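Visitor: Quick one: structure below, then a few questions.
The values are calculated or read from the model by the stated rules, or taken from the named source; none is laboratory data. Here the structure is a predicted model, which is why all the values come from computation and not from measurement. Here Cβ is always computed from backbone atoms with ideal geometry, including for glycine, and neighbour counts include all displayed protein chains. Only protein heavy atoms, including side chains, enter the accessible area calculation; ligands, DNA and RNA are left aside. Shrake-Rupley method; radii C 1.70, N 1.55, O 1.52, S 1.80 Å.
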Amino acid sequence: MPKPNSTFVTEFLFEGFSSFGWQHRLIFFIVFLTLYLLTLSGNVIIVTIIHLDRHLRIPMYFFLSMLSVSETCYTVAIIPRMLSGLLNPHQTIDIQSCATQLFFYLTFGINNCFLLTAMGYDRYVAICNPLRYSVIMGKRTCVQLSSASLGIGLGMAIVQVTSVFDLPFCDAFVISHFFCDVRPLLKLACIDTTLNEIVNFIVSVCVLVLPMGLVFISYVLIISTILKIASAEGRKKAFATCASHLTVVIIHYGCASIIYLKPKSQSSLGQDRLISVTYTVITPLLNPVVYSLRNKEVKDALRRAIGRKPISP
């Protein structure tokens with residue numbers, strides 16, 4: 001129970017990057033703003049190109065456009081306030097706004113995890129069952145998979161936000177982070193949070209270990225199928241269709257797992273904050289960069305959009 005003389009908190013203050021001098025914060029602001037604008041513009045370009053170019057109206061690019069939209073919403077929930085905090089490190093956030101930020105962060109973060117799983121399934125069907133690909137991965141199936149990903153994100157976010165904000169917060173009000181996340185908030189609660197930490201761990205396992213396991217199984221089957229292809233050129237082409245997705249998956253799940261699956265005894269909020277910068281600022285940029293630089297069809301679509309013919313291999 002909270003102590004009798006405790007004062008209940010209605011606002012939080014982000015610790016963020018306040019330990020740095022203003023010169024360093026200004027450098028961070030310029031770097032993060034540049035990355036943010038590149039992420040936004042890259043995702044907008046990808047969604048626009050996929051929508052306009054008939055050559056990209058296939059399931060793989062449908063999921064890529066959904067991922068780009070989700071990544072955009074995800075970054076909008078976190079980065080603008082973080083940038084504002086770099087210029088003015090003593091801004092407060094009321095408890096309702098904090099809950100809202102956590103809700104959207106979790107919704108779109110979890111949605112991204114399951115969209116990447118759906119993309120892995122799409123690659124599995126394309127390579128392991130190509131003759132039935134158009135039947136299995138029809139428009140209805142794609143919409144159902146993307147809707148299910150968002151639905152899971154919404155459901156898990158509601159569970160997490162309810163679990164955290166049912167707690168009383170008293171006296172301590174400085175969040176050791178640059179946005180409202182589950183672990184830093186649990187540390188501020190003035191009652192025992194063991195049950196909430198168990199809920200957080202179960203949700204983390206469901207949204208990270210389960211999708212990672214499904215993607216891993218997909219790629220075991222994909223690689224075993226590719227290795228059976230007789231021609232070296234055929235194997236190279238099949239691997240190339242998976243390379244972009246696999247790159248994004250490894251970085252996305254890798255950073256998230258380090259933060260959310262690490263035992264509490266090994267948890268350092270300072271270290272988590274550093275990894276979160278990668279997860280929230282740099283990783284979203286990888287989606288448009290990787291898929292535009294490593295994907296020939298997207299590059300050709302970009303050339304067509306600006307009036308240049310694709311360069312023949």
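Visitor: Being under 30 Å from L302 (Cβ atoms), open to solvent by 70 Å² or more (accessible area, probe 1.4 Å) and of a type in the set (A, V, I, L, M, F, W, C) narrows it down to one of L38, L83, L26, so name that one.
Guide: Answer to the selection: L38.
Visitor: Continuing with the same structure: Quick one: would you say S134 is open to solvent by less than 20 Å² (accessible area, probe 1.4 Å) and polar (S, T, N, Q)?
Guide: Here the answer is no, as S134 does not meet what is asked.
Visitor: From the list V277, V249, V289, which one is among the hydrophobic types (A, V, I, L, M, F, W, C), in contact with a helix residue (DSSP H, G or I) (Cβ under 7 Å, 6 or more places away or on another chain), modelled with pLDDT of 70 or more and open to solvent by less than 40 Å² (accessible area, probe 1.4 Å)?
Guide: V249
Visitor: Sticking with this one: For segment 216-239, how many residues are of a type in the set (V, I, T), within 25 Å of the chain's Cα centre (by Cα) and either open to solvent by 60 Å² or more (accessible area, probe 1.4 Å) or farther than 15 Å from R123 by Cβ (or both)?
Guide: So the count comes out to 2.
Visitor: While we're on this one: When R183 is evaluated against the numbered criteria (1) in a helix (DSSP H, G or I); (2) surrounded by fewer than 17 Cβ atoms within 10 Å (Cβ to Cβ); (3) charged (D, E, K, R), which criterion, by number, is the only one it fails?
Guide: Status for R183: all satisfied but (2).
Visitor: Further question: Check L221, L185 and return the single one that is in contact with a helix residue (DSSP H, G or I) (Cβ under 6 Å, 6 or more places away or on another chain), at pLDDT 90 or above and more than 26 Å from F17 (Cα to Cα).
Guide: One residue alone meets the criteria, L221.
Visitor: Condition test on I58, is it more than 30 Å from L150 (Cβ to Cβ), within 25 Å of the chain's Cα centre (by Cα) and either modelled with pLDDT under 90 or surrounded by fewer than 18 Cβ atoms within 10 Å (Cβ to Cβ) (or both)?
Guide: So I58 fails the test.
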